[in-house]
């Protein structure tokens, strides 16, 4: 089965530095096939015949042993990434309005969780925020449309604070990972 592993908090702000060649080697040493990394933010594509539920602990343990610090990892299969991309919840008009406000930045993000997301907790967070950004909750993902970009989003900041059990990627990154995995067409 084809997977993407998304690490949280590596190579951000000069902290928790991990060379992608070293991360790729770690996955190869774990016995995974067709290992490939994508950009410096800790995206690893690989194949494995292991039971999916065993992979996060195996990867997390090997990562901590090799690099000396913990970095939460979230896995998605190629089919799940196809589903995430197909489930774009925002209207084309809303996306275009955000892009018109600041065409220099990305506006569409997906926060990936390693477990189910409590919709009530996410809604409470969104209501407390009260800004222009839009949030949509799925079972294990939050889709975020940032009006002015993720760096200026107070909602994104509250979702990505230390200790939150999620990592996030912009839609363009997920599209590229989908392409690299050779996953099924986006529905």
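The values are calculated or read from the model by the stated rules, or taken from the named source; none is laboratory data. All values reported here derive from a predicted model rather than from experimental measurement. Cβ atoms come from the backbone with ideal geometry, glycine included; neighbour counts cover every protein chain shown.
Annotations
- Residue match in the range 117-125 (condition: in a loop (DSSP other than H, G, I, E, B) and at negative phi): yes
- Some residue of the range 4-15 being surrounded by fewer than 18 Cβ atoms within 10 Å (Cβ to Cβ), at positive phi and free of Cβ contacts under 8 Å to residues at least 24 places away in the same chain: yes
- Contact map, the range 99-128: residues that are without any contact (Cβ under 8 Å) to a residue 24 or more places away in the chain paired with residues that are surrounded by 14 or more Cβ atoms within 10 Å (Cβ to Cβ), Cβ distance under 7 Å, separation 6+ or inter-chain. Pairs shown: 99/107; 119/137; 122/135; 122/137; 122/142.
- Of all residues in the range 65-93 being in contact with a strand residue (DSSP E or B) (Cβ under 6 Å, 6 or more places away or on another chain) and over 30 Å from residue 49 (Cα atoms), the one that is surrounded by the fewest Cβ atoms within 10 Å (Cβ to Cβ): 89
- Any chance residue 159 is in contact with a strand residue (DSSP E or B) (Cβ under 6 Å, 6 or more places away or on another chain), farther than 15 Å from residue 4 by Cα and at pLDDT below 95: yes
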